[in-house]
Amino acid sequence: MEDINNIIINFSKDLIEKVDGLVKTIALFGSYAQNKENKKSDIDILILIDDIYANDLNISIPFYFDNLNKILSKEEYKKIHPTTLTLTKFWNMILNGDPLILDILRKSNVIFDSSGIYGSLKRMLENGMIKTSPEYLETMRNKSQELYNYSYFLINKSFESLYNSVIYLIQYYLIKNKINVYSPEDIVEKLEELKKNKKIKKDIVEYFREIYDTMKRLEHKDIDKIDLDNFNKLLNKYIDFKEMIEKL
């Protein structure tokens, strides 16, 4: 742990020297701060930079990141994983009582704190003086619902990708065999015809129709989201479908 402490202290000195005045706080958080590290653990460092000071002196934030990246390129700092927040962003998170920043604040060890405000906020949190605001609690609740909805949006988009993959594969087969049918609607009819004439397997047609019908139900809003179990089933069956097409 002594070697790690030296790495953290040397890193902090190098950074402060390069961007003098910008860095207000450097704190260690994560596994090393809680003595739960292992050989693969990163050294998680929170860095607060004074964007108000930077703006007043016309210092660009990219100037800070350029210097930070140069320092991190050194071999001795390869384990360091920095999280940089502007003072404005940090303060807004504190005012709202953002659970992420409160957890970091509670469990972190201060390395450098030029104004002493980080240490004071840490004690205020320990004394129960910093709490999540009712407004932010409502924001968290709404965000939770948004992310839940987004997860289903991604499932729907994943199904669309599977659908398009199936369309391309069937079009490949048809065009390769000089069958000039392009639209999904016409493909359904052509596949039924080919099945009737025993030129393709029934399983190919059934799989394509299931994919096609599901897509139509989604487009016509008969369903608003793809059933995950059904999607996994269709995804797993795609490999067999692809192999059957490529053997034709």
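Annotations for the structure displayed:
- Checking Val181 against (1) in a helix (DSSP H, G or I); (2) surrounded by 17 or more Cβ atoms within 10 Å (Cβ to Cβ); (3) among the β-branched types (Val, Ile, Thr); (4) modelled with pLDDT under 95, the condition it does not meet: (1)
- Residue check for Ile111: outside any helix (DSSP H, G or I), farther than 22 Å from Ile8 by Cβ, at pLDDT 95 or above and of a type in the set (Val, Ile, Thr): no
- Among the residues of segment 51-77, those identified as part of a loop (DSSP other than H, G, I, E, B) and either modelled with pLDDT of 95 or more or in contact with an Asp or Glu (Cβ under 6 Å, 6 or more places away or on another chain) (or both) are Ser73, Lys74.
- Index of the failed condition, Glu17 passing every other in (1) farther than 16 Å from Leu105 by Cα; (2) assigned to a strand (DSSP E or B): (2)
- Test: Ile167 is at pLDDT 95 or above and either part of a helix (DSSP H, G or I) or surrounded by fewer than 10 Cβ atoms within 10 Å (Cβ to Cβ) (or both): yes
- Residue pairs meeting the criteria (Cβ under 8 Å; at least 6 apart or on separate chains; first under 10 Å from Lys79 (Cα atoms) and of a type in the set (Val, Ile, Thr), in segment 40-53; second loosely packed, with under 14 Cβ neighbours inside 10 Å and modelled with pLDDT of 95 or more): Ile43/His81
- For segment 193-225, taking the residues that are of a type in the set (Asp, Glu) and more than 15 Å from Ile155 (Cα to Cα), the one that is surrounded by the fewest Cβ atoms within 10 Å (Cβ to Cβ) is identified as Asp222.
- Condition check for Ile179: hydrophobic (A, V, I, L, M, F, W, C) and in contact with a helix residue (DSSP H, G or I) (Cβ under 7 Å, 6 or more places away or on another chain): yes
- Filtered residue count, segment 215-233, keeping only those that are over 19 Å from Gln171 (Cα atoms) and either outside any loop (DSSP other than H, G, I, E, B) or among the hydroxyl-bearing types (Ser, Thr, Tyr) (or both): 9
- Among all residues of segment 184-200, there is at least one that is modelled with pLDDT under 95 and within 30 Å of Tyr150 (Cβ to Cβ).
- Search result, residues across segment 102-117 that are of a type outside the set (Gly, Ala, Ser) and free of Cβ contacts under 8 Å to residues at least 12 places away in the same chain: Asp103
The values are calculated or read from the model by the stated rules, or taken from the named source; none is laboratory data. Since the model is a prediction, treat every value here as computed from it, not as a measurement. Backbone-built Cβ (ideal geometry, glycine too); neighbour counts: all protein chains shown.
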